[in-house]
Amino acid sequence: MEKTNLEFLSLLKSSLKNEKYDGEKIDFEDLVYIYKMSEIHHVVPMIYNAVYNEDFFKECDANFQAMFKSSAFRYIFSQIQRTNHFLEVYKKLSEKNIKILVFKGIIFRNMYNNPDDRISSDEDILIKKEDYEKVKEFFLSEGFEFIDKGEECAYFSKSTGLCIEVSTSLFSHESKAYGHLNKLFEDVFEKSIKINIDKIDILTLSHEQHLIYIVFHNMKHFLTGGFGIRQVADFSKYIETYGEYINWEKFWSDLKDLNYDTFALNLIEISLKYLGFNDDKITYPDNITSFDELKNSQKYYINSESLINDILDAGVFGASTMDRKHTALMTLDAVEDKKKSNRLKAVFPNVNYLKDNYTYLQKYPILLPVAWGQRILSYLKKNKTSSYINTMELGKQRIELLKEYKIIK
């Protein structure tokens, strides 16, 4: 791994552990790269928290110091504003006797030493289908803008920038790649628990279901472009915080049935190697309590080098480049068909993928070939012909990753 990536991970580790950075002096050029990485992975406040008191940072370019500080504080203040607004809205919505489950977002932030350092672009809530119109009426009355997203929707507040995504299922039922995962959450409301945040009891997924959801959610993004190091930190933080409440035998059994156990074990290796993860609360497969013992048993494929490189390249939710985003067409196809992906899917995607950009497809899906032509011409006009080649090559590499971590054969 490149030195700058190791430095980035070492700083993130010190922030997660709330400890002083114990690495070597970081050069100014490396700091610039690390700042860019922290932006891609949405961890600017965490990295600033680790560097601001270091001599090498105090001695670097004053304008860079000011920019880094301003950026970190802007993220934090914005997060505080959105968090306070969400808690106000949640309290009001709860008083309507509508059962809602909060997941990710504020639940994850609550696990960190400095919660508002862990920024969230939105908050997620799960509701029952029969409450959809009641929830919509409530948010509109609160001045939120409605955003239709098909199986889910979102509500946006211009005043605070708070965005709340509302779902009636944790995964899209339309997806052949991960729609079946909803079966493990059919009793999610019955098993829900309360977590107190800022003196407000928030209803959320049980610890067992929330942890397995994290793995599934990361896998979903792994299939659709990738996911970032913050998502690995959420996974390890959840285990450190709530691992004692997990039925580990069931956890590993559920993952094994779906061929996700190898993926999860490699996330754990990354957490141990780079994030200072404490795995005292884990029981591994076969009732093993030591990760080294599990790895030495050679019963599982544990070699996270390819995975960590993909994670660092991907950024938060695989959004680092458009080429990477477009690989989703190939990786999803490979998982859905359980065979070698058709690389032309990246060039000729289906109606669902294009209908938001080419709105006439929503009413006239038969015009899909016309949309393909428009899309290709658009790329040609922007001199992006190489982008298709890059997408297909990267897609091929990412399909090999799916094979390496036993997700497809």
Lone qualifier among 90, 112, 132 - being of a type in the set (Phe, Trp, Tyr) and farther than 27 Å from residue 173 by Cβ: 112
Test for residue 191: is it among the basic types (Lys, Arg), more than 18 Å from residue 123 (Cα to Cα), surrounded by fewer than 22 Cβ atoms within 10 Å (Cβ to Cβ) and at pLDDT below 95: no
Go through the stretch 263-291 residue by residue and tally those that are buried (at least 18 other Cβ atoms within 10 Å of the Cβ), hydroxyl-bearing (Ser, Thr, Tyr) and over 23 Å from the mean Cα position of the chain (by Cα). 1
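On the basis of being open to solvent by 40 Å² or more (accessible area, probe 1.4 Å) and at pLDDT 70 or above, does residue 409 make the cut? Write out each step before concluding.
Working: open to solvent by 40 Å² or more (accessible area, probe 1.4 Å): yes; at pLDDT 70 or above: yes.
Yes; evaluated as a whole, the condition is true for this residue.
For the stretch 7-16, state whether one or more residues are under 15 Å from residue 275 (Cβ atoms), touching a helix residue (DSSP H, G or I) at 6+ places or on another chain (Cβ under 7 Å) and open to solvent by 40 Å² or more (accessible area, probe 1.4 Å). Please lay out each step first, then the result.
Within the stretch 7-16, the subset under 15 Å from residue 275 (Cβ atoms) is 7-16.
Adding the requirement that they be touching a helix residue (DSSP H, G or I) at 6+ places or on another chain (Cβ under 7 Å) leaves 7-9, 11-16.
Now drop any that are not open to solvent by 40 Å² or more (accessible area, probe 1.4 Å), which leaves 13.
Scanning the stretch 7-16 turns up at least one residue that is under 15 Å from residue 275 (Cβ atoms), touching a helix residue (DSSP H, G or I) at 6+ places or on another chain (Cβ under 7 Å) and open to solvent by 40 Å² or more (accessible area, probe 1.4 Å).
So in the stretch 205-262, with the set limited to residues that are closer than 18 Å to residue 169 by Cα and over 14 Å from the mean Cα position of the chain (by Cα), which one is surrounded by the most Cβ atoms within 10 Å (Cβ to Cβ)?
In this case the residue turns out to be 205.
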Which members of the stretch 17-64 meet the condition of being surrounded by fewer than 22 Cβ atoms within 10 Å (Cβ to Cβ), among the hydroxyl-bearing types (Ser, Thr, Tyr) and within 25 Å of residue 305 (Cα to Cα)? 21, 33, 35
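How many residues are open to solvent by 40 Å² or more (accessible area, probe 1.4 Å) and more than 26 Å from residue 76 (Cα to Cα) if we restrict to the stretch 86-143?
In the first step, residues of the stretch 86-143 are kept if they are open to solvent by 40 Å² or more (accessible area, probe 1.4 Å); the result is 88, 91-92, 94-97, 99, 110, 113-116, 121, 128-130, 132-134, 136-137, 140-143.
Filter once more, so that each one left must be more than 26 Å from residue 76 (Cα to Cα): 94-97, 99, 128-130, 132-134, 136-137, 140-141.
Going through the stretch 86-143 one residue at a time, the tally reaches 15.
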All-but-one check, residue 24 against (1) at pLDDT 95 or above; (2) part of a loop (DSSP other than H, G, I, E, B), failing number (1)
Name, by its number, the condition in (1) under 26 Å from residue 7 (Cβ atoms); (2) crowded, with 18+ Cβ neighbours inside 10 Å that does not hold for residue 294. (1)
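The values are calculated or read from the model by the stated rules, or taken from the named source; none is laboratory data. None of the values given here were measured: they were computed from a predicted structure. Virtual Cβ from ideal backbone geometry, glycine too; neighbours counted across all protein chains shown. Surface accessibility is based on the protein's heavy atoms, side chains included, excluding ligands, DNA and RNA. Shrake-Rupley method; radii C 1.70, N 1.55, O 1.52, S 1.80 Å.
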